[in-house]
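Data block below; observations after.
The values are calculated or read from the model by the stated rules, or taken from the named source; none is laboratory data. Remember, it's a predicted structure, so these values are computed and weren't measured experimentally. Counting neighbours? That spans all protein chains shown, and the Cβs are built from the backbone with ideal geometry, glycine included. Surface accessibility is based on the protein's heavy atoms, side chains included, excluding ligands, DNA and RNA. Shrake-Rupley method; radii C 1.70, N 1.55, O 1.52, S 1.80 Å.
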Amino acid sequence: MTHYIYLVRHGEHQDAEHGLTDGPLSPRGRRQAALLADRLSGVPFDAVWHSPLMRASETASAVAERMPSLSPQPSALLFDCVPTGMTDETPGVFEPFFGSVTEAEVDAGRAQMADAMAEFLQRKSGDVHELLITHNFVISWFVREVLETPDWKWMTLNQANCGLTVLAQRQGRPWTLLAHNDLAHLPFELRTGLPETIPV
């Protein structure tokens with residue numbers, strides 16, 4: 001009996017290039033979401049959760065169009081957030097990023113991620129498949145938590161738009177990382193959202 005969590009970053013949104021924080025999916029983002037839906041169409045999902053932000057909500061809707069039995073539900077635990085601030089262990093190269101993040105934002109992000117871990121990483125009985133459509137930093141924190149790495153390590157993990165990460169927990173065993181940022185369903189020209197382009 002295994003509990004699977006499929007973590008997906010939302011598709012590219014129209015306002016990403018203009019520095020705006022949210023917006024509808026771009027034409028490329030809709031293609032990404034459609035290909036993701038095709039990739040996941042054979043998974044017997046028990047639940048689909050998504051961030052309430054428009055780009056995640058529209059990605060969830062695109063998945064549900066191909067799997068009409070699904071009813072995606074918004075969860076505030078999947079909002080975009082910054083889960084930690086600068087610490088003594090954090091490499092100095094990340095300091096400029098945290099210069100624009102307030103202490104209140106960090107406190108809110110830390111509390112949100114603590115609640116998200118308690119909610120979604122709680123072992124459920126039987127074979128369970130859950131899809132979470134969320135944001136880069138949130139997925140990074142899930143992976144860091146499962147790998148039990150230092151808090152700042154989430155800063156080193158990045159997900160492409162509609163990249164697929166899979167976590168699993170067999171009964172009586174710890175959570176494991178089965179796949180991270182799998183892009184096999186996306187052709188090269190649709191692999192967006194990463195700090196550096198993957199050459200192959």
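Among the residues of the stretch 32-61, those identified as farther than 30 Å from ALA111 by Cα, over 16 Å from the mean Cα position of the chain (by Cα) and not basic (Lys, Arg) are ALA34, LEU35, ASP38, SER41, GLY42, VAL43, PRO44. In summary, strands (runs of 3 or more DSSP E) completely within the stretch 70-183 and bearing 2 or more residues that are open to solvent by 30 Å² or more (accessible area, probe 1.4 Å) and within 25 Å of HIS13 (Cα to Cα) occur at 176-182. Just one residue in the set LEU164, LEU183, LEU190 is in contact with a helix residue (DSSP H, G or I) (Cβ under 9 Å, 6 or more places away or on another chain), free of Cβ contacts under 8 Å to residues at least 60 places away in the same chain and within 20 Å of PRO27 (Cα to Cα); that residue is LEU183.
Any chance you could count how many residues in the stretch 136-165 are of a type in the set (Val, Ile, Thr), over 17 Å from GLU119 (Cα atoms) and within 10 Å of the chain's Cα centre (by Cα)? Result for the stretch 136-165: 1. For the stretch 46-69, taking the residues that are of a type outside the set (A, V, I, L, M) and in a strand (DSSP E or B), the one that is least open to solvent (accessible area, probe 1.4 Å) is identified as HIS50.
Candidates in the stretch 1-25 are the residues that are modelled with pLDDT under 95, in contact with a Ser or Thr (Cβ under 9 Å, 6 or more places away or on another chain) and aliphatic (A, V, I, L, M); of these, the one that is most open to solvent (accessible area, probe 1.4 Å) is MET1.
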